[in-house]
Amino acid sequence: MLKGKVSNQCARKTEKQGNILPCYDTHIKRYKNLTEIKMEVNLAYYRKKDWRKLLSMIDDRESMFNTWKEWHKSYLRAKKELSSKGIVTNDIEVDLIELDKFCRENGLKNIGKTRSQFVSTEK
């Protein structure tokens, strides 16, 4: 778009919507607001007391840490890395009964991708 000019299509849109700002100003405002958007991610948090039960029920045991301590160290590292990039992390304590129910109701194997889907729906 040329500096200080509004395209015919843009002018019609502006007129139809009753806006007083030219489209390019609106676009700039929207772009400025993008810096205010915060990305969020839900992270599955497993309780230490549930670790053995979790390992017995997952279908991708070979890809999971052997101990809660190893997993927790990795969890904290991932959380720190995400936070350093400005991503808000939400700790979602996984209820194993609800996770199992989610897998059964949706016909899904209890694998990492499924567990990610499960916590992504929680808040």
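List of remarks:
- Scanning the range 48-105 for residues that are within 21 Å of the chain's Cα centre (by Cα), surrounded by fewer than 14 Cβ atoms within 10 Å (Cβ to Cβ), closer than 22 Å to residue 121 by Cβ and not polar (S, T, N, Q) gives 78, 87, 88, 91, 93, 98.
- Yes/no for residue 75 being among the hydroxyl-bearing types (Ser, Thr, Tyr), modelled with pLDDT of 95 or more and part of a helix (DSSP H, G or I): yes
- Residue selected from the range 106-120 under the condition of a type in the set (S, T, N, Q) and part of a helix (DSSP H, G or I), by the criterion surrounded by the fewest Cβ atoms within 10 Å (Cβ to Cβ): 106
- Pairs, first assigned by TED's automatic domain parsing to the domain that holds residue 115 in the range 45-64, second in a helix (DSSP H, G or I) and among the aromatic types (Phe, Trp, Tyr), C-beta under 6 Å, six or more apart: 48/68; 51/68
The values are calculated or read from the model by the stated rules, or taken from the named source; none is laboratory data. Note that the structure is a prediction, hence the values are computed from the model and not measured. Glycine gets a Cβ as well: all are built from the backbone with ideal geometry, and neighbour counts include every protein chain shown.
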